[in-house]
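Below: the structure, in structure tokens.
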Amino acid sequence: MAGNEEKLLKDYFEELSGQVEEVPEIKLQAAIRSGMLQPVRYRISAVKKRFAICITVVMAAALLFAFPWIGQQVVRPHSAQIPPEMVQRTGEFDEYRVVAGINPAGYDNTTVLSAIEAGLIQRVSGATARQNGFVLTVDGIAADRMGIIILYSLQNNTKQRARVNVLQLTGTGDELVNTLPGSAWNAKDVPTGTTRGYEVLQWGEEFSSLPEQITFEVKLGEYKPADFGNTLAQLSVPILLDKEQMAKTGEVQNIDQTLTIAGQHIQIDDVYLSTTGVYLDYAYDPQNTKQIFSMLNPQLLMGSKGDFTNLALLRTLAVEGNSRLVFANDSRFSQPLKLQIGGILALDKEATELIIDTEKQEIIKAPDNHLKMSLYSTDKGSTMILEYLRAPAKQRLYNSLMIGSEFTDADGQIHSASQFDISIPQRQESAEKKSIPLLHYLGLGSNKYSQPLTFTITGYPNPIQETLSLPIRK
């Protein structure tokens, strides 16, 4: 069940988050739908707490990653030469240098490659685990206040092709200490022989509260594209943390500035620049008259005088109540940095109330007339399907149609949709269609509710476009 959820979310968001060039919208939307052609049933609430937390983070990340293509300035790819004094000595992590130099679609490898080149990776000896013909070895790490880079190899001495199903860091009592899964999200292929990889994992708590020793855990399963398959090996390697050194790593820029768009305020607080990335803390002013769902196309630009490199936005995190953007970092350079955003996605706060009579399949209150509602019923219950039909003038993709999991019936009773199955019907979109809707699914189960139902909109494709920039490092 959890495997299907991961695949659905991965397929859906991977197509969106990995694109930086302009793509014909119809073709892009058709590609998204290609991963959802067969009826699929899955339950978000039935998975373990860890996975539920990851889903929440990924959904939030998708809202920021799926930025629109709105004609912002073109930023060239990184092509600067590496200063000789910054280059890691020859032979040190050469194999990983090659692996990190291969940039898979949708993933930015600047952080890892530059850390290797800058000599910031610490060699680890004797960190090996073996089971059932598989060997896990950690060769190098680099830890700071926000996360850790791990260079590792997986040796498959069997004749059976495997893949990484779970990759995580645990502390005392097997408690998860990182926020997002690693290669489990990518279903990393592990054929016979040696496979080298790297991970950049963020801490799920303040680094000072981490134990002195953590465990790097990898679970391997049969290579089956549709699910996890049977477990072949569970490997774990201890990693010692030098928290005193971690505290000294990186630099903090105290920005304490406010960006204002259409009268709405976004507070930019501290920015931490270090080996594992650039971490920018921000907050939306609670006194704003609009509900801001996300920033449009947030970019971290390195350079000056019109010659910029875009350090990719990798994810957004909510850690201990703080909202945080995580960008790639290039540890080889100390050039000026600036944050640039293209606007916000927002609605007036009273417009976030969505009222629907689900029995009549009738929308009573919505922000505009672009929403359409329908039901898809199976023996497991009903799924509400919301479609956002864009107006002809809106030519860009905004992946931001989201509804909160809690809803209220006409009697004032609060219900949680997270306990119900979501069934996704077969759907085929043609590249020739002039308009393809954004979709959102919400499980309603088999209950009879007092109508109408009131939902809360948590993401909506209503852009307010205005380009603003803010210096981060001069």
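Give me the Debye-computed log₁₀ of I(q)/I(0) at q = 0.09, 0.12, 0.15, 0.19 Å⁻¹ for region 298-403, equal point scatterers on Cα only, no solvent, two decimals.
Log-scaled intensity ratios, in q order: -0.45, -0.69, -0.88, -1.08.
In debye, nearest 20: dipole of region 121-245 around its Cα centre with unit charges on the Cβ of K, R (+) and D, E (-)? All intermediate terms of the calculation are to be shown ahead of the outcome.
On the way: 11 positive and 14 negative charges, 143 e Å.
Computed charge dipole of region 121-245: roughly 680 debye.
Could you sort 266-278, 307-319, 366-378 so that the peptide with the highest average Cβ count within 10 Å comes first and the rest follow in order?
For the peptides 266-278, 307-319, 366-378, the packing ranking is 266-278, 307-319, 366-378.
List every residue whose amide H lies under 5 Å from the amide H of GLN122, counting only residues 5 or more places away in sequence or on a different chain, with H placed 1.01 Å from N in the peptide plane.
Under 5 Å from the amide H of GLN122 lie the amide H atoms of ILE141, ALA142, each far enough along the sequence or on another chain.
Under 5 Å between amide H atoms, partner at least 5 residues away or on a different chain: which partners does LYS224 have, H built in plane at 1.01 Å?
Residues meeting the criterion, in which the H sits 1.01 Å from N, do not exist here.
Mind listing the long-range amide H neighbours of ASN462? Cut-off is under 5 Å, sequence gap 5 or more, other chains count too, H placed in the peptide plane at 1.01 Å from N.
Excluding prolines and chain starts, which carry no amide H, the hits are ALA346.
Give me a comma-separated list of calculated 3J(HN,Hα) values for region 230-241, in order, Karplus coefficients 6.51, -1.76, 1.60 applied at θ = phi - 60°, integers in Hz, x for any Gly or Pro.
Taking θ as phi minus 60°, the curve returns 6, 6, 9, 6, 10, 10, 9, 10, x, 10, 7, 9 Hz for region 230-241.
So which of LYS338/LYS474; LYS159/LYS224; LYS290/LYS360 end up more than 19 Å apart by C-alpha?
Numbers: LYS338/LYS474 8 Å; LYS159/LYS224 15 Å; LYS290/LYS360 30 Å.
Pairs exceeding 19 Å: LYS290/LYS360.
Got a sec? Charge dipole of region 121-245, +1 on Cβ for Lys and Arg, -1 for Asp and Glu; which of GLY171, GLY147, LEU220 is way out at the positive end?
Farthest along the dipole direction, towards plus: LEU220.
Karplus couplings for region 203-220 from phi (6.51 cos²θ - 1.76 cosθ + 1.60, θ = phi - 60°), rounded to Hz, Gly and Pro as x?
Values per residue, Gly and Pro as x: 5, x, 8, 4, 4, 5, 8, 5, x, 5, 10, 10, 10, 8, 10, 10, 10, 9 Hz.
Which whole-Hz couplings ³J(HN,Hα) result when phi for each residue of region 142-154 is put into the Karplus expression 6.51 cos²θ - 1.76 cosθ + 1.60, θ = phi - 60°, listed in order with x for Gly and Pro?
8, 10, 9, 5, 10, x, 8, 9, 10, 9, 9, 10, 10
If you bin every alpha carbon distance in region 121-245 into 10 Å steps from zero, what whole percent lands in each bin?
Calculated over all Cα pairs of region 121-245, the distribution is 13, 47, 31, 9, 0 percent.
Translational D (Stokes-Einstein, µm²/s) of region 322-375 at 25 °C and 0.890 mPa s when Rh comes from the Kirkwood sum over C-alpha pairs?
Values: Rh = 15.9 Å.
The diffusion coefficient I find is 155 µm²/s.
Ranking THR408, THR179, THR172 by Cβ neighbours within 10 Å, fewest first, what do you get?
Fewest to most other Cβ atoms nearby, the residues stand as THR172, THR408, THR179.
On a C-alpha basis, how far is the centre of region 106-181 from the centre of region 231-287 in Å? Whole number, if you could?
21 Å
What distance in nm separates the simple spin-label points at ARG427 and ASP94, each placed 7 Å from Cα in the Cβ direction?
Going by the 7 Å Cα→Cβ label model, 5.1 nm.
The numbers here are math on the coordinates, done by the rules we state, and not lab data. Computed from a prediction, not measured in an experiment: that's the story for all the values here. FYI the Cβ positions are ideal-geometry reconstructions off the backbone, even for glycines, and counts take in every protein chain you see.
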